[in-house]
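Since every read-out is calculated from the coordinates, none of them should be taken as a lab result. Model, not experiment: these values are computed from the prediction. Counting neighbours? That spans all protein chains shown, and the Cβs are built from the backbone with ideal geometry, glycine included.
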Amino acid sequence: MSTFFAYIADNAGAIGIAIAQHIGIVAAALAVAVPIGIASGIALAHARSRAARTAVFYLLGLGQTIPSLALLALAVGLLGVGLLPAVVALLLYAILPIARNACTGVQAVPEATRDAARGLGMTNMQIIRRVELPLARPFIIAGLRTATVVTISSCALASLIGAGGLGDFIFIGISLFKPEAMFAGAIPTAVLALAADWFLGRWAARGHAVR
């Protein structure tokens, strides 16, 4: 244990930079995945063809079906190494749970509620913005929780393609047989995932309390 704390003290600056890189990669991936996922979920909820909805969800799910390392390898083959392929690979992982939950939330809105909104003179876009999205909010946040935790965890692999992050310490520890280096990367990764899940859970609970 003393060796671990000594390692942390000696590498505090580098660990801080790795945490910032990790958060930055996750934030960039989610910044793209969230609007795409929500928009896709809304569109699919309103799609009349169930077969088309199933096919689109299948395509969105390919990102999670392909193993993480294989997806990163494909991204590197198309985009090279560094930050961009890491962000692209992670956002493909994040889109499906957001889209699926947004679709489920919009479908759960009672048709009578939509009819009442139409009776008040609302347009389709106003119904989506003022009625469906607020009512689907718990579902959307649940999808965002899943996507965020998965993205934070998978982001450790971004180190393998030169994107940086806490995975640098994990893989240094593995290659050099240094448990203190592995813990220096693994513990902050776990803490970030747990903290994000807790924060989004509180946000969802606050939304329920307000209503």
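Treat every Asp and Glu Cβ in the stretch 141-211 as -1 and every Lys and Arg Cβ as +1, leave all other atoms uncharged, and give the resulting dipole magnitude about the Cα centre to the nearest 20 debye.
380 debye
A protection proxy built from the mean count of other Cβ atoms within 10 Å ranks the segments 137-149, 109-121, 30-42, 8-20, most packed first, as 137-149, 30-42, 8-20, 109-121. Amide H contacts for Ala163 (H built 1.01 Å from N in the peptide plane; partners 5 or more residues away or on another chain; cut-off under 5 Å): Gly82. Between Ala51 and Ala9, the contour length at 0.36 nm per residue exceeds the alpha carbon distance by 9.5 nm.
Across the options Leu78, Ser153, Val34, the greatest Cα extent toward the positive end of the charge dipole of the stretch 2-210 (unit charges at beta carbon of Lys, Arg, Asp, Glu) belongs to Val34. With R₀ fixed at 35 Å, the C-beta to C-beta distance from Leu59 to Arg129 puts the FRET efficiency at about 0.85. Between the listed residues Ile140, Met182, Asn11, the Cα displaced farthest toward the positive end of the dipole of the chain, a dipole computed from Cβ unit charges relative to the Cα centre, is found at Ile140. Relative to its residue count, the chain spans a Cα convex hull of 131 Å³ per residue. Against the chain, whose longest principal axis is taken from its Cα atoms, helix 179-210 shows a tilt of about 20°. Computed over the chain, the per-residue total of -39500 (n - 2.57) for DSSP H runs of n ≥ 4 gives a 222 nm mean residue ellipticity of -28000 deg cm²/dmol, rounded to 500.
Residue farthest toward the positive end of the dipole of the stretch 2-210, with Cβ of Lys/Arg at +1 and Asp/Glu at -1: which of Leu96, Pro67, Gly167? My answer, from the dipole projection, is Leu96. Using Cβ point charges alone (K and R +1, D and E -1), the dipole size of the stretch 79-197 about the Cα centre works out to roughly 340 debye. When only the Cβ of Lys, Arg, Asp and Glu is charged (+1, +1, -1, -1), the dipole of the chain relative to its Cα centre reaches about 940 debye. Here the stretch 86-162 was treated as a single set of alpha-carbon atoms; its pair distances binned every 5 Å from 0 give 3, 16, 20, 16, 12, 11, 8, 7, 5, 2, 1, 0 percent. Taking 0.36 nm per residue of separation and subtracting the current Cα-Cα distance, fully stretching the chain between Lys178 and Ala112 would add 17.6 nm.
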